[in-house]
Amino acid sequence: MLRILITGANSGIGLALTQQYLQRGERVFATCRQPAEASTLAEFDTAYPDQLSVLPLDVTDNATIDAAAEMVSAQVDGLDMLINNAGFFPKDENIDNLDAQTMLNTFHINAVGPIIVVHRFLGLLRAGNDAKVVNVSSQLGSLNRTTGKGYYSYNSSKAALNMLTRILAHDLRAEGIVVVTVHPGWVQTRMGGKGATITPEESASGLIAIADRITMDDSNKFYTWEGNEHSW
């Protein structure tokens with residue numbers, strides 16, 4: 001049984017990841033900013049009381065990250081996987097309406113927050129079995145695939161997450177912790193919109209397949225949800 005922590009687990013890809021991992025018998029710590037409003041997670045908690053813990057965690061709030069780490073530490077002595085899924089996409093952004101606070105908030109959620117979460121849960125990852133960190137990025141963060149159209153905050157924050165992933169993979173290699181980043185696809189979520197090409201369930205299934213097969217030989221790589229290596 002894997003011990004897995006997922007951020008942004010109350011909707012979209014995070015919720016689908018939580019459900020699929022629970023269905024195959026894993027121990028899941030599902031985190032989100034407002035657990036009291038996460039009705040589907042509450043249903044999962046009733047259905048899987050011995051497998052699921054729903055915890056408050058806001059990746060921009062160090063106090064909630066610390067509290068979540070303490071709650072996880074009280075229940076398990078290690079984590080085998082951390083999936084940094086929480087993200088933010090400010091829509092309709094362009095050069096004429098750029099806002100510094102929006103950009104900073106996007107960077108905090110999409111780049112700084114995930115690395116701080118890893119930092120705070122590192123002790124549990126070090127105690128895990130062949131531990132892995134999966135950072136959910138985007139092809140829009142690839143310098144080779146940028147659209148060149150708006151999305152200043154989102155694209156650049158995901159590019160920053162990719163760089164932080166590479167640094168983290170380098171630093172944790174000697175400890176045997178695998179670190180990768182993944183493009184989840186264009187997904188039918190609040191962020192991706194109704195015109196997106198794949199469902200959260202399809203994306204989650206692809207991400208799980210990647211997480212299952214990656215080894216230290218794959219650390220410091222960028223993958224698409226289908227399992228193909230993506231250009232940085």
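The values are calculated or read from the model by the stated rules, or taken from the named source; none is laboratory data. Owing to the predicted nature of the structure, the values given are computational and were not obtained by experimental measurement. Cβ atoms come from the backbone with ideal geometry, glycine included; neighbour counts cover every protein chain shown.
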For the range 12-37, what are the residues that are part of a helix (DSSP H, G or I) and either surrounded by 20 or more Cβ atoms within 10 Å (Cβ to Cβ) or free of Cβ contacts under 8 Å to residues at least 24 places away in the same chain (or both)? G12, I13, G14, L15, A16, L17, T18, Q19, Y21, Q23, A36
Residue in the range 143-181 that is farthest from D99 (Cα to Cα), counting only those that are out of contact with any helix residue (DSSP H, G or I) (no Cβ under 7 Å at 6 or more places or on another chain) and of a type in the set (A, V, I, L, M, F, W, C): A174
Going through the range 173-193 one residue at a time, which ones are modelled with pLDDT of 95 or more and aliphatic (A, V, I, L, M)? A174, I177, V178, V179, V180, V182
Could you say whether any residue in the range 95-109 is of a type outside the set (G, A, S), modelled with pLDDT of 95 or more and closer than 28 Å to R27 by Cβ? yes
For the range 159-187, enumerate the residues that are among the charged types (D, E, K, R) and either touching a Pro at 6+ places or on another chain (Cβ under 6 Å) or free of Cβ contacts under 8 Å to residues at least 40 places away in the same chain (or both). D171
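Conditions tested, residue by residue: (1) surrounded by fewer than 21 Cβ atoms within 10 Å (Cβ to Cβ); (2) among the β-branched types (V, I, T); (3) in contact with a Ser or Thr (Cβ under 8 Å, 6 or more places away or on another chain).
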residue: E93; (1), (2), (3): yes, no, yes
residue: N97; (1), (2), (3): yes, no, no
residue: L104; (1), (2), (3): yes, no, no
residue: F121; (1), (2), (3): no, no, no
residue: A127; (1), (2), (3): yes, no, no
residue: A131; (1), (2), (3): no, no, no
residue: S137; (1), (2), (3): no, no, yes
residue: A160; (1), (2), (3): yes, no, no
Conditions (1) more than 29 Å from I214 (Cβ to Cβ); (2) free of Cβ contacts under 8 Å to residues at least 60 places away in the same chain; number of the one not met by L41: (1)
Confirm whether D218 is within 22 Å of I4 (Cα to Cα), touching a residue at least 40 places away in the same chain (Cβ under 8 Å) and of a type in the set (D, E, K, R). yes
For the range 172-202, name all the residues that are loosely packed, with under 14 Cβ neighbours inside 10 Å and of a type in the set (S, T, Y). T197
Odd one out for E202, checked against (1) on the phi > 0 side of the Ramachandran plot; (2) at pLDDT 95 or above: (1)
Matching residues, the range 140-189, being of a type in the set (F, W, Y) and under 19 Å from the mean Cα position of the chain (by Cα): Y154, W186
Within the range 206-232, tally of residues that are closer than 23 Å to R24 by Cα, out of contact with any His (no Cβ under 8 Å at 6 or more places or on another chain) and crowded, with 16+ Cβ neighbours inside 10 Å: 6
Qualifying position, being acidic (D, E) and either within 17 Å of L207 (Cα to Cα) or outside any helix (DSSP H, G or I) (or both), among D96, D45: D96
